[in-house]
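Participant: Quick one: structure below, then a few questions.
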Amino acid sequence: MYPPSFDYYDPETVDEAIDLLVEHSDAESALLAGGHSLIPAMKAGETAPDVVIDIGGIDSLTGITNRNDVLKIGATTTYADLLSADVRSVAPVIVEATSNVGDTQVRNRGTIGGNLAYAGPEQDLPGAALAAGATLVCRGPDESRRLNADAVLAEQGAKRIRQVELLTRIELDPAEDCVGAYVRKTNPVSGYALVGVGVRLQVEDGQVTAASVGANGLADNAVRLDTVADELVGGTLEQGNIEAAAGRATDGLGPVEMRSNAEASAEFREQLAEVYTERALSKAASRTDAVAID
Amino acid sequence: MSEHEITLTVNGEHKELTVESRTLLVHALREKLGYTGPNVGCESGVCGACTVHLEGDPVKSCTAFAVQADGANIRTIEDLGSDESPHPVQSAFRREHALQCGYCTPGMIMTVTDLLDRNPEPTDEEIRKALKGNVCRCTGYQNIVRAVETAAAEYPITDSTDGSASGGD
């Protein structure tokens, strides 16, 4: 499919990109980085922006730093660059989620920020970002905002990325004594996540002192599985406790409308949530020995 | 700003061309520049038949606008070997019957060469994972995996075995 015509700009700085967003705020404009959500949508006729602003060439938006216990990932860092940066030990959930995305070619182009900004229901990073407690830094014409992942990604996020704003980076605090994991049931048609679950656990002397669980594919937005997290805290990671917590995966999701379509009904997704929560917890638990040895 | 003059270095050759903003890289390569090696297979960014190397990395050229590649180095299947002196991966594909219609093959081989550059002794699982973005309707993949395994035995490529027209990277 040939996408319809549009005007293309490739700013060299974040300020230029924001100026372009403001200048074209009356038109339908779209930001382009890796293009692996936007371009297929344009080719399929699902979206037809008049203006495309390519931020892929802005050097300050890409790259990873790990200083003073804060991991900063530039928004246009590709999946491949994150995976080769060897930061799995400080960002286990985000890195494992990233390793699930797409394929070799997709990972060479698609970006961490693009995944979070697009936040389709079956993408991998939103749920992982919830579990990891990530901060999303966004810059607009008047201010810079630091938003926690819940505010941007979870349902009814009132503080979403604005039309004239750029997500510039995500930040993670690599907490002590934490293990994490991300597993998913791959949608066999799309290659995205039918259901994906990310967990981050703080474990001290064999006891879970903090837990954070995020899931993709259950609703239109990523959701926290707080009931699972609450069930785990104060206990050990023996199989019985894991199963009990996972069994409550979709309890307490409240008024969230469960995603249901021809590929998977809501009932099936609920079942998958339990299965993949258990697998994620078991995987994270298997990594606690490594943490203790370190 | 909907028409752009861009430059691409394709297989070592400097090219100047005018494209629309919406021109996909694969169409610029095939129709503007005559590199018909990369194929358009699916219209949805999943099949990988369009795979080329962009700045050394395999990417799906159907999911990039040509303007995004302005100034970049691109390598297509045309750069690998020749009829008289095929690239070891091409020879392995032939020997192991890893192609039938051949439509997926250019993209498949571009991903394979990148895999072997990074991982000279891939396991069966690593090969299959690396090729997840290259779909084949004919072979059932077994012979493709076998071809990669036998080609791996001849990596790393030295200039004398590369066989490429432009003398390699």
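The values are calculated or read from the model by the stated rules, or taken from the named source; none is laboratory data. Remember, it's a predicted structure, so these values are computed and weren't measured experimentally. FYI the Cβ positions are ideal-geometry reconstructions off the backbone, even for glycines, and counts take in every protein chain you see. Note: areas computed on protein heavy atoms with side chains; ligands, DNA, RNA excluded. Shrake-Rupley method; radii C 1.70, N 1.55, O 1.52, S 1.80 Å.
Participant: Could you name the lysines whose alpha carbon sits less than 28 Å from that of B:Lys132, not counting residues in the same chain fewer than 8 places away?
Facilitator: A:Lys43, A:Lys185, A:Lys283, B:Lys60
Participant: Is the shape of segment A:109-241 rounded, prolate or oblate, going by the alpha carbon gyration tensor and its root eigenvalues a ≥ b ≥ c, with a/c under 1.5 for rounded and a/b larger than b/c for prolate?
Facilitator: oblate
Participant: To continue, here is another question. Ranking request for peptides A:219-231, B:90-102: highest mean number of other beta-carbon atoms within 10 Å first, then the rest in descending order. The partial results should precede the final answer.
Facilitator: Working: A:219-231: 21.5, B:90-102: 18.1.
Put in order of decreasing packing, that is A:219-231, B:90-102.
Participant: Let me ask another. Which of the peptides A:278-286, A:205-213 is most tightly packed, and how do the rest follow, going by the mean number of other Cβ atoms within 10 Å of each residue? It would help to have the intermediate numbers written out before the result.
Facilitator: Numbers: A:278-286: 21.6, A:205-213: 18.4.
Highest-to-lowest ranking by the protection proxy: A:278-286, A:205-213.
Participant: What order, most packed first, do the peptides A:128-139, A:68-79 have when packing is the mean number of other Cβ atoms within 10 Å of each residue? Spell out each step's value before the answer.
Facilitator: Details: A:128-139: 25.3, A:68-79: 20.6.
Highest mean packing first, the order is A:128-139, A:68-79.
Participant: Over the alpha-carbon set of segment B:10-169, divide Rg by the Kirkwood Rh and report the Rg/Rh ratio to two decimals.
Facilitator: My calculation puts Rg/Rh at 0.95.
Participant: Take every residue in peptide B:63-72, count the Cβ atoms of other chains within 10 Å of its Cβ, and give the average of those counts. Working shown, then result.
Facilitator: Numbers: counts 12, 7, 10, 0, 6, 12, 0, 3, 1, 0.
Taking all residues of B:63-72 together, the mean is 5.
Participant: Relative contact order for segment A:87-178: what is it in percent, counting Cα pairs under 8 Å that are at least 6 residues apart?
Facilitator: Values: 118 pairs, mean separation 24.9, N = 92.
Once divided by the residue count of segment A:87-178, the mean separation gives 27 percent.
Participant: Loop only by DSSP, 13 or fewer other Cβ within 10 Å of the Cβ. Give me the GluC sites (Glu not before Pro) in segment A:87-151 that pass, ordered by residue number.
Facilitator: Values: sites: A:Glu96, A:Glu122, A:Glu143; in loops: A:Glu122, A:Glu143.
Within segment A:87-151, the qualifying GluC sites (Glu not before Pro) (loop, at most 13 other Cβ atoms within 10 Å) are A:Glu143.
Participant: Over chain A, what portion of Cα pair distances is larger than 28 Å, expressed as a whole percent?
Facilitator: Numbers: 15772 of 43071 pairs.
Cα-Cα pairs of chain A separated by over 28 Å account for 37 percent.
Participant: Evaluate E = 1/(1 + (r/R0)^6) for A:Gln239 and A:Ala210, where r is the Cβ-Cβ distance and R0 equals 30 Å; express this FRET efficiency to the nearest 0.05. If you can, show how the numbers build up before the last one.
Facilitator: On the way: r = 21 Å, r/R0 = 0.68.
After rounding to 0.05, the efficiency reads 0.90.
Participant: Which residues, if any, in segment A:83-103 have at least 50 Å² less accessible area in the whole protein complex than in the isolated chain, probe 1.4 Å?
Facilitator: Buried-area filter returns A:Asp103.
Participant: Any idea what angle helix B:105-118 forms with the longest principal axis of chain B, computed on alpha-carbon atoms, 0 to 90 degrees, nearest 10?
Facilitator: So the helix axis and the longest Cα principal axis differ by about 70 degrees.
Participant: On a C-alpha basis, how far is the centre of segment B:75-131 from the centre of segment A:171-231 in Å? Whole number, if you could?
Facilitator: 37
Participant: Over the whole of A:32-42, what's the average partner chain Cβ count within 10 Å per residue? Rounded to a whole number, please. It would help to have the intermediate numbers written out before the result.
Facilitator: On the way: counts 4, 1, 4, 7, 5, 2, 2, 9, 7, 0, 2.
Partner Cβ neighbours, averaged per residue: 4.
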